Structure formats: C-alpha cells, structure tokens
Amino acid sequence: MLRPFFIDTDTASDDAVALVIALTHPDVEVVGISVVAGNVPLDLGVQNALWVAEQCNASVPVHAGASAPLVVPLETGQYVHGADGMGDIGLPLTGRTPASKDGVSALLAASHRYAGQLELVTLGPLTNLALALRADPALPERLARCVVMGAVADHVGNQTPVAEFNMWVDPHSVDEVLRSGLEVELVGWDVSRRDAVFDADAAEAMRSIGTPNARWAVDIQRVLVEFCHTQTNLDGFDLPDPIAMAYAIDPTIATETRRLACWCETSSELTRGMVVMDLLGFTGQPPNALVVTAADRDRFVQLLHRALAVDAQHALSEDT
Ligand code: RIB
Ligand code: CA
C-alpha cells in the first residue's frame, strides 16, 4: 500500500524540488497539497505548486491556504528565491486553477480519510497547520507523522541571527503547533547548511541527469545562489525542503536525532521565530519534537537524483 502524504508548502525554488521528490516516489501517494504564504505571496505559491504538479504528470489536488500569518504581517522571501519564487527564469507560472481555496479543510478531510496513516510534511510557515489545529484539536490523533522543515538546532539562523525563515515568518503559528500536543519531527536549516549544499559540480551532476525536471530543478535556484553567496556564505545553493522531504520518506537518512522540549519566541524582535530547544532539561517539560541533528548526504543525494531521473514529461506524452 502506498504511503499517503499531505504536503503544506510555500512553493518556491527548493519546495519545488521537494514536491518532485514526493510526487515521483514509488512508495508515496501525495493525496493533497496545501499552499501557505511565505517565500512568495499565496497566489504565486499556488501557481508554482500547480506548475510543478503538471511537470510531474501528477493529478494531485492543490488547495490555496492562508495568505498571511496569524498575527504579524506577511514578509516574503522573494529576495531569496526571486519575485516569482522560481528563480525568475521566465517559466509559464500563471493561469492554473487550484482545487479549492480552503487548504485547511482539505488537510482535515485528508486526515479523516487516511486516519492513522496520513504523513503530513510542512515546507513553509505553519499558518495552515495552526489553523487546522484550532479548527480540530483532535487532528494529532489522526496523523501518523508530522515532519516540519524549520528551526535550527544549532541556533544559527538564515533570517535573523537565531531564527530560520519558516519559523520567523509566522512565529505565533509555531508556538501554537508546539503547544498543541502534536509531536513534530523537525528538520532544521542547520541540516541543509551542513548536508544539502550543492556547489557548481554537484549542481551540474543534478542537471546532467538530463530530464526536463532535472534541468529546471537546477535552473530555478538562480536567485538562491546569489543569496547564498552574499548572505549565508554557502558555495552554490542549499536544498532545505528536499532534504526534509527525503527524511520524511526515508527516516534512516537522519544519522542523529534528539527528542527535545521546544518553544517558539513570539514577542521579542531580537529572537522572534527562534525555536528554543531544552537540551539539558532545565524546564522539566516532556519532549514535543524529534529534532534531526545530522543526516546522510550521500543517501539524500541518491534519493534526489532518482527522483529527478523520472522522465515524467515523457510519461505525460505517452499518456496523451
Ligand atoms: O529556511 C528555509 C525554508 O524557508 C525553506 O522551506 C524555504 O523554502 C523557505 O520557505
Ligand atoms: Ca519552503
């Protein structure tokens, strides 16, 4: 039986590659995608997700979700991924229609339909998940897992000195999720910075796989490369959402994990979005997160290359 996945995404250049990994994996059925504002405004994220699903010849329903964080105003990551979120390389990212404008209801419906089996993977701010938990506090009982790309276990941020982007965009949603009773699996940006950076040679190894998906998966990182060069001091681009998705599919890609009690800072401007992790047990609180602190890069790259090698467009032409 295929594993039912539901993916929540703020679809930009790394999310897109994570979607390809899930949509092409033989063991996974992506039963729904909800989009949340984050990297780009909601409508762009919806169009990007619909375009990626089309490239994978996937008929998965894509639903629009929250267009703004719970409390703070939306601040996008278009300076990181491009105005369109996909590297501004001129892709035809308009004119597609989502299945609904209610991603939260779609997630809840999927959690009932696949109760106990559904694996939720979040790749953006947690606004949709927080709204779903408000609407139905029993959601955690029906989820098999909730894998979150977010936070930094070493507290070296990519949005502020101590905060990772997804957690910083909507810290109140993170606070609600972490207090909800839902145990999450956190794959932080520290894992990406250490185990998912692609320099020019590694990017060429991806692109030379030669399928249309392999080519655009690299080309859309154009703006991210510039951000990595000028801001995060990484040689090339990093792929946080794809390594989080690879872990969700194959948890043995994590080589080190820790169960920790975590909270998200919501009030301080200096530490907004910092996910505080109680490593030494000062609070005496029970763990609410399994934090991935190291991963097997080679296993990740192998899974990534296998996904990009699927010639979905050829399958598309065979189907049509
Ligand atoms: O910090 C990295 C995360 O923020 C990734 O999910 C990226 O897509 C952005 O949303
Ligand atoms: Ca993302």
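The values are calculated or read from the model by the stated rules, or taken from the named source; none is laboratory data. Remember, it's a predicted structure, so these values are computed and weren't measured experimentally. We place every Cβ from the backbone using ideal geometry, glycine too, and count neighbours over all the protein chains shown. Note: areas computed on protein heavy atoms with side chains; ligands, DNA, RNA excluded. Shrake-Rupley method; radii C 1.70, N 1.55, O 1.52, S 1.80 Å.
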Considering only the stretch 22-29, I want to know if a residue exists there that is within 26 Å of Phe300 (Cα to Cα) and buried (at least 24 other Cβ atoms within 10 Å of the Cβ). yes
If only one of Gly157, Gly116 is in a loop (DSSP other than H, G, I, E, B), modelled with pLDDT of 95 or more and within 16 Å of ligand 2 (Cβ to nearest atom), which one is it? Gly157
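Can you say whether Gly38 is modelled with pLDDT of 95 or more and farther than 17 Å from Ala130 by Cβ, as far as the supplied structure shows? Before the answer, list the steps.
Values: modelled with pLDDT of 95 or more: yes; farther than 17 Å from Ala130 by Cβ: no.
It is false that Gly38 is modelled with pLDDT of 95 or more and farther than 17 Å from Ala130 by Cβ.
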Across the stretch 5-41, which residue is farthest from ligand 2 (Cβ to nearest atom) among those that are under 12 Å from Thr122 (Cβ atoms) and assigned to a loop (DSSP other than H, G, I, E, B)? Val36
All-but-one check, Arg113 against (1) within 16 Å of ligand 1 (Cβ to nearest atom); (2) open to solvent by 40 Å² or more (accessible area, probe 1.4 Å); (3) touching a residue at least 60 places away in the same chain (Cβ under 8 Å), failing number (1)
Looking at Phe300, Phe237, Phe282, which one is farther than 14 Å from Val152 by Cα and open to solvent by 10 Å² or more (accessible area, probe 1.4 Å)? Phe282
Note: among Leu118, Leu107, Leu143, just one is within 20 Å of Ala37 (Cβ to Cβ) and crowded, with 21+ Cβ neighbours inside 10 Å, namely Leu107
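Among residues belonging to the stretch 50-59 that are in a helix (DSSP H, G or I) and out of contact with any helix residue (DSSP H, G or I) (no Cβ under 7 Å at 6 or more places or on another chain), point out the one that is surrounded by the fewest Cβ atoms within 10 Å (Cβ to Cβ).
Of the residues in the stretch 50-59, the ones in a helix (DSSP H, G or I) are 50-55.
Now narrow it down to the ones that are out of contact with any helix residue (DSSP H, G or I) (no Cβ under 7 Å at 6 or more places or on another chain): 50-51, 54.
Values: Leu50: 21, Trp51: 23, Glu54: 15.
Filtering first and then ranking leaves Glu54.
Is one or more of the residues making up the stretch 3-17 away from ligand 1 (no atom under 14 Å from the Cβ), open to solvent by 10 Å² or more (accessible area, probe 1.4 Å) and more than 21 Å from Val310 (Cα to Cα)? Please lay out each step first, then the result.
Our first condition is that a residue be away from ligand 1 (no atom under 14 Å from the Cβ); within the stretch 3-17, this holds for 3-6.
Going one step further and asking which of them are open to solvent by 10 Å² or more (accessible area, probe 1.4 Å), we end up with 3.
Keeping just the survivors that are more than 21 Å from Val310 (Cα to Cα) gives none.
Among the residues of the stretch 3-17, not one is away from ligand 1 (no atom under 14 Å from the Cβ), open to solvent by 10 Å² or more (accessible area, probe 1.4 Å) and more than 21 Å from Val310 (Cα to Cα), which makes the answer no.
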Being over 20 Å from Asp235 (Cβ atoms), in contact (Cβ under 8 Å) with a residue 24 or more places away in the chain and either buried (at least 22 other Cβ atoms within 10 Å of the Cβ) or within 17 Å of the chain's Cα centre (by Cα) (or both) narrows it down to one residue among Pro212, Pro171; which is it? Pro171
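State the number of residues belonging to the stretch 60-82 that are touching a residue at least 24 places away in the same chain (Cβ under 8 Å) and either among the hydrophobic types (A, V, I, L, M, F, W, C) or open to solvent by 40 Å² or more (accessible area, probe 1.4 Å) (or both).
From the stretch 60-82, those touching a residue at least 24 places away in the same chain (Cβ under 8 Å) are 60-72, 74-82; that's our starting set.
Filter once more, keeping what is either among the hydrophobic types (A, V, I, L, M, F, W, C) or open to solvent by 40 Å² or more (accessible area, probe 1.4 Å) (or both): 60-62, 64, 66-68, 70-72, 74-75, 78-80.
Total meeting the criteria: 15.
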Residues of the stretch 174-192 classified as in contact with a helix residue (DSSP H, G or I) (Cβ under 7 Å, 6 or more places away or on another chain) and either without any contact (Cβ under 8 Å) to a residue 40 or more places away in the chain or surrounded by fewer than 24 Cβ atoms within 10 Å (Cβ to Cβ) (or both), total: 4
